[in-house]
2 protein chains.
Amino acid sequence: MKVRVLVSFKDSVLDPQGQTVKNALHTLGYKNISDVRQGKVFEVDITDMSDADIEKIIPEISNKVLANPIIEKFTWEILE
Amino acid sequence: MKVRVLVSFKDSVLDPQGQTVKNALHTLGYKNISDVRQGKVFEVDITDMSDADIEKIIPEISNKVLANPIIEKFTWEILE
C-alpha cells in the first residue's frame with residue numbers, strides 16, 4: 001500500500017518559503033498568484049498491514065516523525 | 001482558485017531525506033514501512049484567471065520556479 005501524507009504549516013504560522021516563492025513569481029510577471037504556501041509530502045510504502053492498522057499508524061508516525069504538531073498540520077490519503 | 005502542485009525527485013534520483021525518515025521509523029519499530037520518498041507541496045492561490053490559462057501557467061511556473069526539471073518531476077491538481 002502507498003500512502004501520501006501532506007504536511008504544511010498551520011494557517012496561523014508564517015510561511016517564509018511560500019512568501020519567497022510568491023515574490024519570485026510576481027517578479028516573473030505572474031501577478032495573478034495571490035498566495036503560495038509550501039509544505040512537505042511523504043509517499044510511504046507499507047507492506048503486510050491491514051487497512052485498519054494503516055489508519056492507526058499513519059497519524060502516529062505523522063505526529064512523531066513526519067510533522068511537528070506544534071506548528072504543522074497533516075492530511076493523508078491512501079493512494080493504492 | 002487553489003491549485004496543489006506536488007514536486008518530488010524523479011525515481012532515478014536518490015532521496016536521502018526519505019531514507020533518513022524510513023530509518024527513523026524502523027528504529028521506532030515501524031518495520032512494515034518499506035520505503036519513504038519525500039517531496040514538496042505548493043498550494044497556489046490564483047485570482048481572476050480562466051481554467052484554460054491556469055492549465056497553461058501551472059506547468060510554466062512549475063518548470064521555472066517550483067521544481068528543478070533536471071532532477072524533479074511534478075504533478076498538479078485543481079482543488080477548488
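The values are calculated or read from the model by the stated rules, or taken from the named source; none is laboratory data. Nothing here was measured: the structure is a model prediction, and the numbers come from that model. Heads up, the Cβs are rebuilt from the backbone with ideal geometry, glycines too, and the neighbour counts pull from every protein chain shown. Only protein heavy atoms, including side chains, enter the accessible area calculation; ligands, DNA and RNA are left aside. Shrake-Rupley method; radii C 1.70, N 1.55, O 1.52, S 1.80 Å.
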Next on the checklist: So in segment A:1-15, with the set limited to residues that are open to solvent by 30 Å² or more (accessible area, probe 1.4 Å) and in contact with a Leu (Cβ under 9 Å, 6 or more places away or on another chain), which one is farthest from A:VAL65 (Cα to Cα)?
Outcome noted: A:MET1
Checklist outcome for this item: Within segment A:16-38, restricting to residues that are touching a residue at least 12 places away in the same chain (Cβ under 8 Å) and open to solvent by less than 10 Å² (accessible area, probe 1.4 Å), the one that is farthest from the other protein chains (Cβ to nearest Cβ) is A:GLY18
Item to check | Whichever residue in segment A:21-45 is among the β-branched types (Val, Ile, Thr) and in contact with a helix residue (DSSP H, G or I) (Cβ under 7 Å, 6 or more places away or on another chain) and, among such residues, is nearest to A:SER8 (Cα to Cα) | outcome: A:VAL36
Item to check | Output for segment B:40-75, where each listed residue is within 9 Å of chain A (Cβ to nearest Cβ), open to solvent by 10 Å² or more (accessible area, probe 1.4 Å) and either touching a Phe, Trp or Tyr at 6+ places or on another chain (Cβ under 8 Å) or in a helix (DSSP H, G or I) (or both) | outcome: B:ASP53, B:ILE57, B:GLU60, B:LYS64, B:VAL65
Next on the checklist: Just to be sure I understand, how many residues within segment B:1-15 are more than 10 Å from chain A (Cβ to nearest Cβ) and among the basic types (Lys, Arg)?
Outcome noted: 1
